[in-house]
Every structure is written in structure tokens, then in C-alpha cells.
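Each remark here refers to the structure printed beneath this line.
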Amino acid sequence: MRSPDDQTPFGGAERSVPRISIRGFCEFPDTGAALQRAFADRRLSKAQTAVQLGGIRAAIDYFTGQVTPNLLLVETRLSGQAALEELDSLAEVCDPSTKVIVIGRVNDVELYRELMHRGASEYLVAPLDPLRLIEVISGLYADPAGSPIGRTVVFVGARGGVGSSSLAHNVGWCIAEEIKINATIVDFDLPFGTLGLDYDDDPGQGVFDALSAPERLDETLLDRLLVKRSDTLSLFTAPSMLDQSFETPLESFESVLDAVRRTAPYVIVDLPHSWEPWVKATLIGADDIVIAATPDLSSLRNAKNLIDVLRQNRPNDAPPKLVLNQTGVPRRPEIPLKDFAETIGFPPAAVLPFDPALFGAASNNGKMLAETGIKSPVIDGLRALTMAIAGRKTMSVREPTSLLSFLKGKKRA
């Protein structure tokens with residue numbers, strides 16, 4: 001599933017920290033606040049964490065005669081030989097399997113080397129950056145021989161009918177076919193998913209089969225369940241049937257996404273417009289989030305509520321990207337762009353005009369928008385959004401033609 005010519009390596013996404021116990025002992029309030037921010041992060045959601053004041057001495061007193069956690073973060077006010085002696089005293093009460101990160105106030109290379117020589121896992125200089133601390137902790141528990149992890153980009157609509165699925169399918173196509181990075185689009189709207197329909201492919205049972213038995217989902221089975229659209233694009237389609245029950249536990253969605261992330265640098269997730277526990281968990285755990293909205297009051301209210309929830313649960317992440325879709329509908333009252341941006345707290349990443357002829361031409365022919373060859377501001381906006389998601393500055397594309405030329409070509413065919 002991975003091509004050796006992929007220009008973007010895996011690793012643009014952070015690994016979550018496994019179910020370990022972490023205990024922090026800090027000397028200064030700013031360090032305690034940084035630890036609390038890190039421990040509240042989505043990437044440490046599975047870990048059992050706690051913070052208290054007192055530094056290394058408090059850790060020694062607390063764990064004398066007790067089992068130490070998987071990871072200890074301890075802060076020292078000392079430097080030089082005094083700091084080393086303090087760490088030696090801590091080592092006497094630590095279990096051999098416990099990893100120790102030392103936090104200090106002195107940027108001393110010699111101290112760092114001595115701490116590493118005495119068994120410390122890392123030495124960090126305060127003030128701490130929570131994201132840097134999360135990266136260090138994640139690195140301590142990453143399996144060097146493990147599979148690389150792809151980046152998840154989750155698309156969700158502020159309400160039904162705002163075009164979230166269409167955005168997801170088209171951005172996935174642009175990443176795979178125009179930037180030439182392997183991508184898999186996952187349709188999690190089990191009863192009403194349109195991924196197979198938009199690509200003019202048989203929907204099949206792909207995602208539903210995987211969710212029904214996630215423990216069996218190895219690379220071989222996943223390869224059979226995916227629809228291979230091209231060398232760089234795979235589709236994980238939903239059954240789109242109403243005669244089945246789709247009650248699936250949250251853990252199954254997590255397992256399926258973990259499996260897909262091991263096979264492609266980008267995983268585009270199309271979420272349904274609902275608010276189930278698994279939907280919320282998928283959003284909070286995503287590397288990037290795109291919220292689609294239209295310039296109306298219900299979209300504004302729902303987008304604001306979504307963004308507030310995400311800010312609360314993702315304190316160390318950038319805000320989601322907002323796409324204001326279907327703008328400029330004739331005779332429809334719209335909330336001005338400036339007012340929309342002021343209410344949610346940041347400007348939209350893309351503003352896409354209403355273009356029914358373009359969408360109709362693509363839908364009727366089972367093509368993505370850029371495949372039609374039609375020139376449109378919508379396609380320009382989608383490409384700009386794709387480049388922002390993929391961290392690219394340029395995209396090589398073919399010269400577009402007019403809508404009339406495209407329709408004439410289809411008629412001749």
C-alpha cells in the first residue's frame with residue numbers, strides 16, 4: 001500500500017502514549033502548570049497521571065517502600081554534583097523498570113551527560129513546553145520496530161447538508177492524485193455514506209466488516225477490504241444500508257483507524273453529522289480537523305459549539321480548519337464572513353462559492369471536482385485547503401477547461 005516514492009514520510013502524526021502510570025514532582029508552580037497542561041493532552045488520555053509539589057526529595061519520601069510508576073518526572077533546584085547526588089538517592093527507591101525524566105533550571109551539557117550515564121531517560125530545562133514534553137514521553141515508549149503512523153484528517157459538518165463529505169472525498173483525491181502522497185479515505189457514515197457513490201464504485205461492506213471484527217484486521221485483510229482506486233488512493237467504503245444494526249463500540253473505531261494509519265501517510269476520515277461518543281472521541285484524537293459550515297445561523301451556532309468543545313479537549317492543538325461552503329446562493333440571506341469569523345474566533349481556511357453546475361457535472365459522472373477539468377474558484381479553494389493540510393506551498397495541476405468544453409466532450413463520448 002505504500003509507495004517508495006512517497007514524498008511525505010510517516011511521522012507527521014504523533015503517537016499516543018500507552019496505558020502507563022506517570023507521576024510528576026515539581027519544585028516550581030510554572031513547572032506544575034506545564035505538567036498539568038501536558039497531562040490533559042489527548043495524546044496522554046490513556047495514561048494515569050498525577051502531579052504534586054516537592055521535587056526529588058518529595059518523590060523519595062513518597063515512594064520509599066512503595067512501587068514506583070512507569071514514568072517519573074522530577075524537578076530539582078540543584079545543579080552540578082548536588083543534583084547528581086539527589087538523583088542517586090532517588091535511584092535507591094526506584095524500581096528498575098521505572099523511567100525517569102529530570103527537570104532542571106540549568107542548561108548544562110556536563111550535567112546532562114552525567115544524568116544520562118546514571119540512568120536518567122532525559123533531562124529537560126525549565127520552563128517546560130508541554131508539547132515538547134509530550135514528544136519526549138511518546139518517544140520513550142515508541143517501538144523502534146513498530147509500523148509508522150499516518151496522519152488523520154477528520155471532516156465533520158456543522159449541520160447536515162453542508163458538504164462535509166464532498167470536501168473530504170475531494171481533498172483526499174487531491175492529496176493522492178495531485179500531490180502524489182498515498183491516502184486512504186474512510187467513510188464512517190455507515191447507513192448513509194456516499195464515498196462509493198461519489199467515486200462511482202460499489203460501496204461493499206468494507207468499513208462495517210472491519211468494525212465488526214477489529215481484532216482480525218491485519219494488513220492482509222485490510223488490503224482485501226479497501227477499494228484500490230489508484231496507486232496512491234484507497235477507499236474504505238460504508239455499506240450504506242438501512243437493514244443492519246450499526247451499534248459499534250468506541251474501541252472498534254479506534255482499532256480500525258489505528259490499522260489504517262499503519263498503511264498510508266494520510267487517512268481522511270468522513271464523519272457523519274451525529275454526536276455519539278465515538279464521533280466525539282474520533283474528533284478529539286485527530287491530527288487535523290476540518291469543519292464544514294454554510295453562512296447561516298444554525299451552522300454558526302453548531303460550529304461555535306464544536307470549536308469550544310475541541311478547544312477544551314485539545315488545549316495544545318491548533319484550532320480546527322473551518323470551511324465556509326456554498327456561499328453566494330442567490331436570494332438567500334447570509335451571515336457576513338466578517339461576522340462569522342469574529343464569532344468563532346478566527347477566519348475560515350477556505351470560502352467556497354455555490355457552484356451547482358460544477359458539482360452536478362462531477363456527481364453525474366462519478367468524478368471528483370478537479371477531475372472534470374472545469375475552471376472554478378471552488379477547485380482553487382479546495383487545492384489551497386489541501387496544500388494547507390499537507391503543508392505544501394505548490395501543487396502541479398493540469399490546465400483547466402471551460403464547463404462548456406467539458407459538457408461537449410461528455411456528449412461526444
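The values are calculated or read from the model by the stated rules, or taken from the named source; none is laboratory data. No experiment lies behind these values; they were computed from the predicted model shown. Reconstructed Cβ throughout: ideal geometry from the backbone, glycine too, with neighbour counts over all protein chains shown.
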List pairs: first in region 277-289 and among the aromatic types (Phe, Trp, Tyr), second part of a helix (DSSP H, G or I), Cβ under 9 Å, 6+ apart or cross-chain? TRP278/LEU250; TRP278/GLU251; TRP278/SER252; TRP278/PHE253; TRP278/GLU254
Filtering helices (runs of 4 or more DSSP H) wholly in region 94-184 for at least 1 residues that are buried (at least 16 other Cβ atoms within 10 Å of the Cβ) and among the polar types (S, T, N, Q) gives 130-141, 164-173
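Hey, which of the helices (runs of 4 or more DSSP H) in region 190-244, taking only ones fully inside, have at least 2 residues that are within 22 Å of TRP278 (Cα to Cα) and at pLDDT below 90?
Working: elements: 195-198, 206-212, 219-225.
Hits in region 190-244: 206-212.
Residues of region 210-245 being surrounded by fewer than 17 Cβ atoms within 10 Å (Cβ to Cβ) and either of a type in the set (A, V, I, L, M, F, W, C) or not assigned by TED's automatic domain parsing to the domain that holds THR282 (or both), which ones?
At the first step, the residues of region 210-245 found to be surrounded by fewer than 17 Cβ atoms within 10 Å (Cβ to Cβ) are 212-213, 215-216, 218-221, 223-224, 228, 230-231, 241-245.
Selection gives ALA213, LEU221, MET241, LEU242.
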Report, ordered by the first and then the second residue, all pairs with beta carbons closer than 7 Å, sequence separation of six or more or different chains, a first member in region 115-130 that is within 22 Å of ALA40 (Cα to Cα) and without any contact (Cβ under 8 Å) to a residue 60 or more places away in the chain, and a second member that is surrounded by 14 or more Cβ atoms within 10 Å (Cβ to Cβ) and among the aromatic types (Phe, Trp, Tyr). TYR123/TYR112
Among what's in region 254-304 and is of a type in the set (Phe, Trp, Tyr) and over 19 Å from SER45 (Cα atoms), pick the residue that is farthest from the chain's Cα centre (by Cα). TRP275
Do we have any residue at all in region 167-183 that's closer than 22 Å to ALA259 by Cα, in contact with a Gly (Cβ under 6 Å, 6 or more places away or on another chain), modelled with pLDDT of 95 or more and aliphatic (A, V, I, L, M)? yes
Test each condition in (1) free of Cβ contacts under 8 Å to residues at least 40 places away in the same chain; (2) not in a loop (DSSP other than H, G, I, E, B) for LEU72 and report the one that comes out false. (1)
So, first residue crowded, with 18+ Cβ neighbours inside 10 Å in region 15-43, second residue in a helix (DSSP H, G or I) and aromatic (Phe, Trp, Tyr), Cβ within less than 7 Å, six or more apart or across chains; the pairs are VAL17/TYR141
Over region 192-209, the set of residues surrounded by fewer than 18 Cβ atoms within 10 Å (Cβ to Cβ) and touching a strand residue (DSSP E or B) at 6+ places or on another chain (Cβ under 8 Å) is ASP201, ASP202
In region 342-389, how many are assigned to a helix (DSSP H, G or I) and among the hydrophobic types (A, V, I, L, M, F, W, C)? 16
